[in-house]
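K.L.:
Right, I'll just put the structure down here and ask away after.
The values are calculated or read from the model by the stated rules, or taken from the named source; none is laboratory data. Predicted, not measured: the structure shown is a model, and the values here were computed from it. In this analysis, Cβ positions are derived from the backbone assuming ideal geometry, glycine residues included, and neighbour counts consider all displayed protein chains.
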Amino acid sequence: MKKIITAALIIALGINSNAQGNDKDFRFGLKIEPSFNWLKPDNAKDFTNGGLQLGFGVGAITDFKLAENIWLSTGFSMDFSGAKLNYVDNGNDKDTTGYYVYDDAIMEISDLAGVDSATYATYLFYQLNTRTYKVNYVNIPLMLKMKTNEIGYLTYCGQFGLLTSIMTKARSSDDVTLSGTVSSLEDLNIDSEVSFMKASLSIGGGFEYAISESTSAFVTVAYNYGFTSITKKDSKHVVDFDESDVLDAAGNLVASPTFNPYTPQKNIPHAIRLTIGILF
């Protein structure tokens with residue numbers, strides 16, 4: 001992270017020295033982005049929103065002048081985002097959501113095919129209660145920014161556009177129930193459960209404060225409305241457990257057990273993002 005910031009600062013200083021003579025048709029800067037994130041489940045019968053989760057990002061911004069007071073703003077940021085889902089407990093342990101664990105590793109559903117009774121007895125089934133997502137993204141915004149003329153040292157702006165996010169790492173902390181005992185499983189690899197890319201509409205506004213002729217500090221606040229789900233359609237690990245598909249009335253494994261992958265539907269991300277930075 002220090003190397004990224006140092007490299008961006010060197011580039012910014014180099015570009016700034018070249019940009020001062022071009023009437024500021026191009027600007028470059030650095031930014032930090034704390035955020036509040038939450039999910040809106042498409043299926044309220046199976047999920048509830050787990051509340052706000054904090055996120056944080058750091059990156060670079062570039063502004064290109066299109067016309068008087070109209071700019072195209074883009075750049076990138078490394079974003080460390082969070083979200084939380086509560087799985088609705090229907091009160092029926094024989095029909096629930098969870099995953100199997102063997103030798104401290106979460107099993108893929110494909111590994112359950114053809115399992116025999118002796119092997120199945122060695123598996124532990126964890127009922128999933130709450131999942132806290134910890135996902136790293138590379139964010140690439142594309143915004144149309146409209147500015148006022150400078151008023152004193154201040155310039156006000158409004159902006160809207162598209163925010164595209166590419167997932168680089170996904171982990172989770174799960175609150176689970178095993179044989180009636182609630183526990184937590186930490187730092188689980190859920191790369192295969194999270195969509196590789198998400199997209200959001202972003203709208204917001206803020207201001208710039210002129211520090212010098214070529215440098216200004218800025219603050220913006222934006223609301224990001226996601227229109228793609230962060231979770232994939234079918235899970236590789238989480239099963240929609242129906243005891244009648246797996247065990248008979250005596251509790252023995254049926255001849256041809258069926259392990260249905262859980263279909264999480266859509267979990268749409270939303271965020272309030274504060275951006276603080278400096279433009280050269």
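K.L.:
Given (1) closer than 30 Å to Glu208 by Cα; (2) free of Cβ contacts under 8 Å to residues at least 60 places away in the same chain; (3) surrounded by fewer than 14 Cβ atoms within 10 Å (Cβ to Cβ), where does Thr164 come up short, assuming only one miss?
P.N.:
Evaluating Thr164 over (1) closer than 30 Å to Glu208 by Cα; (2) free of Cβ contacts under 8 Å to residues at least 60 places away in the same chain; (3) surrounded by fewer than 14 Cβ atoms within 10 Å (Cβ to Cβ) leaves (3) as the failure.
K.L.:
Looking at Phe280, Phe259 in this structure, which one is at pLDDT 85 or above, within 21 Å of Gln127 (Cα to Cα) and in contact with a strand residue (DSSP E or B) (Cβ under 7 Å, 6 or more places away or on another chain)?
P.N.:
Only one candidate passes the filter, namely Phe259.
K.L.:
Could you look through segment 196-245, keep only residues that are closer than 26 Å to Asp89 by Cβ, hydroxyl-bearing (Ser, Thr, Tyr) and within 19 Å of the chain's Cα centre (by Cα), and pick out the one that is surrounded by the most Cβ atoms within 10 Å (Cβ to Cβ)?
P.N.:
Once the filter is applied, the top-ranked residue is Thr231.
K.L.:
I would also like to ask the following. Please give the number of the condition Lys147 fails out of (1) within 29 Å of Thr263 (Cβ to Cβ); (2) crowded, with 18+ Cβ neighbours inside 10 Å; (3) of a type outside the set (Asp, Glu); (4) in contact (Cβ under 8 Å) with a residue 60 or more places away in the chain.
P.N.:
Answer for Lys147: the failing condition is (1).
Table: residues versus (1) among the charged types (D, E, K, R); (2) modelled with pLDDT of 95 or more.
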| residue | (1), (2) |
| --- | --- |
| Leu128 | no, no |
| Lys134 | yes, yes |
| Met143 | no, yes |
| Leu154 | no, yes |
| Gly161 | no, yes |
| Ser165 | no, yes |
| Arg171 | yes, yes |
| Asp174 | yes, yes |
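K.L.:
Considering only residues of segment 214-253 that are acidic (Asp, Glu) and in contact (Cβ under 8 Å) with a residue 60 or more places away in the chain, which is farthest from Pro141 (Cα to Cα)?
P.N.:
Glu243
K.L.:
Output yes when any residue across segment 12-28 is at pLDDT below 95 and surrounded by 20 or more Cβ atoms within 10 Å (Cβ to Cβ), and no when none is.
P.N.:
So far as segment 12-28 goes, yes, one or more of its residues are at pLDDT below 95 and surrounded by 20 or more Cβ atoms within 10 Å (Cβ to Cβ).
K.L.:
If I filter segment 178-213 down to residues being free of Cβ contacts under 8 Å to residues at least 12 places away in the same chain and of a type in the set (Gly, Ala, Ser), which single residue comes out as farthest from Tyr156 (Cα to Cα)?
P.N.:
The selected residue is Ser179.
K.L.:
Kindly indicate whether Phe64 is at pLDDT 95 or above and more than 15 Å from Arg273 (Cβ to Cβ).
P.N.:
It is true that Phe64 is at pLDDT 95 or above and more than 15 Å from Arg273 (Cβ to Cβ).
K.L.:
Oh, and also: Can you tell me which residue is modelled with the lowest pLDDT among those in segment 206-234 that are hydroxyl-bearing (Ser, Thr, Tyr) and over 20 Å from Leu162 (Cα atoms)?
P.N.:
Selected residue: Ser214.
K.L.:
Filter segment 60-75 down to the residues that are surrounded by 17 or more Cβ atoms within 10 Å (Cβ to Cβ) and in contact (Cβ under 8 Å) with a residue 60 or more places away in the chain and list them by number.
P.N.:
Scanning segment 60-75 gives Ile61, Asp63, Trp71, Ser73, Gly75.
K.L.:
Follow-up question, since we're still on this one. Taking segment 165-206 on its own, how many of its residues are assigned to a strand (DSSP E or B) and closer than 21 Å to Ile140 by Cα?
P.N.:
17
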